[in-house]
Amino acid sequence: MKRAALLLLTAVPAAVAAATAVYLFGLAPSDPDRTESPKPPSRQSSASAQGLNAPAKKELAQEIVASAENSTLDWRSAYGYVEDIGDGRGYTAGVIGFCTGTHDLLTLVERYTKDHPGNGLARFLPALRAVDGTDSHAGLGRAFTAAWRAEAGVAAFRAAQDAERDRVYFDPAVRLARHDGLGALGQFIYYDAMVVHGPGTDPHSLQGIRARALREADTPAEGGSETRYLDAFLDVRRTVMKSEKSHHDTTRIDTAQRRFLYDGNLDLRTPLEWRVYGERYRVP
């Protein structure tokens, strides 16, 4: 997770707050320096497809995210990943980039320890609670990073990472996208935004980005064009990424998600090709 979850319902319009409540309770302006691309033809919603919950599509989603987060399609290789990438959120670790400074890593270790007392990370819980919300390494350091890598060799910890990824990121993002009438590509676009920006309603969160996109276009659930709405969403998200020091490279949008969109691939069908950071990826 790349942002803390700030659920400030009072800071947004009533319509957005209502949509956030839907998201929470389990219901389902262009950047001026952007290189202009030809606008795609409009296409109506493909939400009738099974979407990202289909096992093959979910696997594909993890691969596309991993290409941007870890420069590989082998997303399972990231269970033992842990480092401070200098983004002000402490250590980033694991299969979806849990952070010591944004509460999600702490929650993961707490839940894992409840089910598996005495695990190799349990002794770091006091330090993780103390640094939560900061970029501090106090009480962590090399001992913590070594313990994380060692614990990643335990099947139960890998399963715990998968479960927390789904609970906090994948499932809520897909539910919200389905509520908006979006097909597999739109569901992935929400999921990737959730991974990078986190939940919440501040302007740099998934809900904040969505709220700004809704000012530009209607969702398919509101009778709008799926392509036009997703194009607006990606415009807003690109602007948000450009405003953040650690996210100036927007190729995960420019040469991946927007390429899928402009190809009319709203169902995220394979074979699929894209580029991130100049590297080419292909899933047959």
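Among all positions in the range 218-231, there is at least one residue which is in contact with a helix residue (DSSP H, G or I) (Cβ under 8 Å, 6 or more places away or on another chain), at pLDDT 95 or above, surrounded by 22 or more Cβ atoms within 10 Å (Cβ to Cβ) and among the aliphatic types (A, V, I, L, M). When the criteria are applied in full, Arg158 fails the requirement of being among the basic types (Lys, Arg) and in the same structural domain as Glu69 (by TED's automatic domain parsing). One residue alone among Tyr262, Tyr277 is surrounded by fewer than 22 Cβ atoms within 10 Å (Cβ to Cβ) and touching a helix residue (DSSP H, G or I) at 6+ places or on another chain (Cβ under 7 Å), and that residue is Tyr277. If you go through the range 250-277 and keep only what is of a type in the set (Asp, Glu) and within 19 Å of Leu73 (Cα to Cα), you end up with Asp254, Glu273. Given the condition charged (D, E, K, R), surrounded by fewer than 20 Cβ atoms within 10 Å (Cβ to Cβ) and touching a His at 6+ places or on another chain (Cβ under 6 Å), answer yes or no: does some residue in the range 134-154 qualify? No, there is no match, as no residue in the range 134-154 is charged (D, E, K, R), surrounded by fewer than 20 Cβ atoms within 10 Å (Cβ to Cβ) and touching a His at 6+ places or on another chain (Cβ under 6 Å). Once the range 69-95 is narrowed to residues that are modelled with pLDDT under 95 and closer than 19 Å to Tyr169 by Cβ, the residue that is surrounded by the most Cβ atoms within 10 Å (Cβ to Cβ) is Arg89. Per the listing Asp171, Asp135, the residue uniquely outside any strand (DSSP E or B) and in the same structural domain as Ala68 (by TED's automatic domain parsing) is Asp171. All conditions in (1) out of contact with any His (no Cβ under 7 Å at 6 or more places or on another chain); (2) modelled with pLDDT of 95 or more; (3) buried (at least 21 other Cβ atoms within 10 Å of the Cβ) hold for Gly198, with the sole exception of (2).
The values are calculated or read from the model by the stated rules, or taken from the named source; none is laboratory data. Please read all numbers here as calculations on a predicted model, not as lab measurements. Cβ: placed from backbone, ideal geometry, glycine included. Neighbour counts: every protein chain shown.
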